[in-house]
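Contents: one structure, followed by commentary.
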């Protein structure tokens with residue numbers, strides 16, 4: 001008999017945020033139970049050292065490495081992940097890790113019943129796997145479970161330095177075209193217009209929230225009706241690392257959200273209890289999916305830029321659009337850093353580089369001898 005999972009939520013976090021966190025924790029526990037017992041102390045360390053999403057990513061990487069040990073090497077005699085021993089881990093050398101990252105991970109194969117699938121990892125993915133394994137081996141050494149710290153021998157993985165010119169975002173006039181498209185339906189196919197008539201107020205609210213606040217995709221999806229306090233002119237979002245943040249609500253966003261709630265969003269009696277508080281709903285009256293948000297952003301950005309649907313932008317490009325637009329309107333990089341929740345101001349500075357000819361404009365409008373210059377002219 002299947003038992004229904006019920007969460008006793010004593011915090012002031014909404015149910016959907018608690019449920020999302022719990023789902024990640026359940027995945028972590030499942031993988032941890034499959035891995036060797038000698039890693040238990042490391043798993044306890046991860047609980048308090050990193051956020052849950054990072055914890056899951058680390059455990060997934062370690063599980064992948066252990067499967068590699070069994071299927072591709074002679075470094076263990078184990079037949080299952082649970083059977084790998086600490087003595088076998090103690091015999092692993094830096095060279096073994098470098099072969100795993102540099103040779104196997106960069107391109108590997110998986111056989112299914114019908115196909116052979118080819119997987120490739122580029123440097124960013126390899127760097128994350130290296131970080132996961134470095135954390136594990138350093139911990140085992142500090143915990144006196146292995147005799148040597150082999151991590152100093154791991155090969156460096158160079159990541160490309162972000163270039164301002166490579167940052168994709170919409171120009172101000174393209175944002176206007178995007179919002180016109182969602183308002184009028186112009187540029188949509190006849191099939192798309194059928195759905196547009198039912199969701200245009202929702203889609204408009206989603207796009208305006210993205211370009212105004214530079215919200216992350218997960219932050220926008222998890223918004224609830226209860227997140228908004230219209231009388232105070234603010235709304236609450238839950239950011240990375242469990243941060244709870246109050247955001248000021250401007251008139252434009254208040255207008256489009258209220259318009260959607262009052263004129264398009266289904267009445268609460270038509271919605272299951274699980275989704276009653278969700279702000280943005282699908283046509284099935286469920287909380288909108290990550291995939292659906294990506295598709296609608298791709299659709300409207302492609303219309304704005306007059307390119308094919310498949311080349312339309314992701315929600316993260318609207319985050320970049322928000323950042324560059326705010327800086328071009330004159331807000332400081334520190335204000336924009338705070339609004340977008342960048343860990344480091346250097347990330348925000350990349351968007352500042354898009355302010356075209358900024359040095360020329362500053363100097364041109366800052367003449368100390370303005371009267372003399374005019375006389376010479």
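Bear in mind that the values in this text are calculations on the coordinates, not laboratory data. Quick caveat, the model's predicted, so the values are computed rather than measured. Note: ideal-geometry Cβ built from the backbone for every residue, glycine included; neighbour counts use all protein chains shown.
For region 251-272 versus region 27-81, the spacing of their alpha-carbon centroids is 44 Å. With semi-axes defined as the square roots of five times the eigenvalues of the C-alpha gyration tensor, the equivalent ellipsoid of region 190-296 measures 21, 15, 15 Å, largest first. At an R0 of 45 angstrom, the distance between the Cβ atoms of residue 73 and residue 189 translates into a FRET efficiency of 0.30. Pairs of Cα atoms nearer than 8 Å and 6+ residues apart set the relative contact order; for region 15-160 it is 22 percent.
Model label sites at residue 47 and residue 272, defined 7 Å from Cα along the beta-carbon direction, differ in position by 3.1 nm.
Mean separation of Cα pairs under 8 Å and 6+ residues apart, divided by the residue count of region 211-315: what relative contact order is that in percent?
Numbers: 102 pairs, mean separation 23.1, N = 105.
Reported as a whole number, the value is 22 percent.
Remark: the residue 334-residue 176 segment gains 54.3 nm on full extension, using 0.36 nm per residue and subtracting the alpha carbon distance. Size descriptors for region 166-359 (Cα atoms only): Rg and Dmax, in that order, 16.7, 57 Å. Put simply, when 244-256, 126-138 are sorted by average Cβ atoms within 10 angstrom per residue, most first, you get 126-138, 244-256.
Subtracting the Cα-Cα distance of residue 25 and residue 131 from 0.36 nm times their residue separation leaves 36.1 nm of extension gain. Take every pair of alpha-carbon atoms less than 8 Å apart whose residues are at least six positions apart; their mean separation over the length of region 166-359 yields a relative contact order of 27 percent. Of the peptides 220-226, 307-313, the ranking by mean beta-carbon count within 10 Å, highest at the top, reads 220-226, 307-313.
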